Amino acid sequence: MEIFSIPDSISFGLPSSEMFKIPNQPYKHDPNLRPPPLNNTPRSFFHPFDIDPDLFRVSFQLEYVITFMSLYVTAVLFMNSVNASRHYRPWAFSKTSAFKAFVVAHNSLLALFSGWALSSLVYTLINYWPSGSTNSNDGYFAHIAEYLCQTQSSEYRVLSHSISPWEAGWNYIGWLFYMSKYYEVIDTMIILAKGKKSSMLQTYHHAGIILCGWATVVYDSPCGLVAAINVLVHTLMYTYFALQTLGFSVSTRVKRSLTTIQIAQFFIGMIFGTSFLFLSYKAPLDMSEMAVKNDSVLDFSPLASHGDTARLVPKDTMVPCLSDSGEAATIYVSTIYIWPLIFLFVRFFIQSYSPKKKQ
């Protein structure tokens, strides 16, 4: 059921019922487990090291993800109660110069990592972007759609690239970004070490993003491209945290702007990511051809009556952006996660920056 289309080479319509089925967890019991991305390829600035295959495999196991999230939330709730019983006094070690140096290093490391990941994503995006000069009229939009939708070049129907941007590096960066979410829980540990309470926003944010990251990498979803927005925001946020720890004064206007950017990224990311669920693009139904003596076009007939040779006509069809319910599951999981997160961030914004708060 088509809702609207712009232009003819792409369209937006309701997804098929297949997109709402419960997906299987791939790769878990597959003896031919997919190898870590970019392993056994030359090292470079955007590929500084290979991913350990065992760690890569374990990172796909949902039971480990749920266990980590549960331990994290339990530890936070316990330490919140301990800090409350201590009247939220800072722990002694949090006042040492070594602790401050650790916090600066922690925030600087994440700022540098996010900046590196962002530069890698942008470099690959530009380097493999479809050339407009080789595609006429609105058919170019189909090339862009396939470029963004298909994570494997073997699935290309309209593009001639031998490698997709995911195969060229996005999968590698995406997995590292997913793993960084486990490390980022140290943000909460730092707050607790200072004797403060980890808010619902803080705890929910760090726990939920791990599950979203897992769904993205395990189902190899093209919606993971939305993470590029989050990488940009993280670069700004951790740079701000590092400067703040070093004692630099940051105005309320800057703080308010950063919070606004965080909230905006959720809306932009959700709209962009959800669009993958409804997007389809025009591609040939069959690319195989055989020579025909004359120029007549067959209506997808396997045999021609006007010659001793025939061809299959590459008739067009609309190809859905998402290949299976696993890729769609990333959207569902992320949407369920993001709406409460938006509410918590907006509440934080009002409590922190409203005129009543200033008074």
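Only a single item in (1) in contact (Cβ under 8 Å) with a residue 40 or more places away in the chain; (2) in a helix (DSSP H, G or I); (3) under 13 Å from the mean Cα position of the chain (by Cα); (4) crowded, with 20+ Cβ neighbours inside 10 Å is not met by ILE229, and it is number (4).
For every residue, the table says whether it meets (1) closer than 26 Å to VAL333 by Cα; (2) of a type in the set (Ser, Thr, Tyr); (3) outside any helix (DSSP H, G or I); (4) touching a strand residue (DSSP E or B) at 6+ places or on another chain (Cβ under 9 Å).
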site: PHE141; (1), (2), (3), (4): no, no, no, yes
site: TRP170; (1), (2), (3), (4): yes, no, no, no
site: LEU176; (1), (2), (3), (4): yes, no, no, no
site: SER180; (1), (2), (3), (4): yes, yes, no, no
site: THR235; (1), (2), (3), (4): yes, yes, no, no
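For the stretch 44-56, residues that are surrounded by fewer than 16 Cβ atoms within 10 Å (Cβ to Cβ) and closer than 14 Å to TYR178 by Cβ total 1.
Listed residues TYR172, TYR178; which is hydroxyl-bearing (Ser, Thr, Tyr), crowded, with 21+ Cβ neighbours inside 10 Å and closer than 18 Å to GLN265 by Cα? Steps first, answer last, please.
On the way: TYR172 fails: closer than 18 Å to GLN265 by Cα.
Just a single option satisfies the conditions, and that option is TYR178.
If only residues of the stretch 191-220 that are at pLDDT below 95 and in a loop (DSSP other than H, G, I, E, B) are counted, the one that is surrounded by the most Cβ atoms within 10 Å (Cβ to Cβ) is TYR219. Beta carbons closer than 6 Å, at least 6 apart along the sequence or on distinct chains, pair a first residue in the stretch 235-261 that is over 16 Å from ALA111 (Cβ atoms) with a second that is in a helix (DSSP H, G or I) for ARG256/TYR353; THR259/PHE349. Say we look at the stretch 143-168 and pick out the residues that are more than 16 Å from LEU38 (Cβ to Cβ) and not in a helix (DSSP H, G or I); which of these is modelled with the highest pLDDT? Selected residue: GLN150.
The values are calculated or read from the model by the stated rules, or taken from the named source; none is laboratory data. None of the values given here were measured: they were computed from a predicted structure. Positions of Cβ are generated from backbone atoms using ideal geometry, with glycine treated the same way; all protein chains shown enter the neighbour counts.
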